[in-house]
Amino acid sequence: MKIKQHRQFDGLIKSVTISKTPSNKYFASVLVEENEQLFPKLDTAVGINVGIKDFAILSNERS
């Protein structure tokens, strides 16, 4: 069977679902459990103002 793998995945395969279309094409859906990547919580915030002269101006005065 030929395969077109669109993305690489790492982790534990939990389930695979095989489906068949009316035109006799088969598809496989793979459910993978991966380790969750947690990001540090930041106490900073920034506001964004979208305008005509400048596309975006941030509250920290960057544009």
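No value in this document is a laboratory result; all are computed from the given coordinates. Quick caveat: nothing in here was measured; it's all calculated off a predicted structure. Here Cβ is always computed from backbone atoms with ideal geometry, including for glycine, and neighbour counts include all displayed protein chains.
Below is a table of values for the structure above.
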read-out: Sorted peptide list for 25-33, 5-13, criterion being average Cβ within 10 angstrom, highest first; value: 25-33, 5-13
read-out: Förster radius 30 Å - calculated FRET efficiency between residue 37 and residue 3 (Cβ-Cβ, nearest 0.05); value: 0.65
read-out: The stretch 10-27 - phi-based ³J(HN,Hα) in whole Hz, Karplus 6.51/-1.76/1.60, Gly and Pro as x; value: 10, x, 8, 6, 8, 7, 10, 10, 9, 10, 10, 8, x, 8, 6, 9, 10, 9
read-out: Cα pair distances exceeding 14 angstrom across the stretch 12-58, given as percent; value: 74
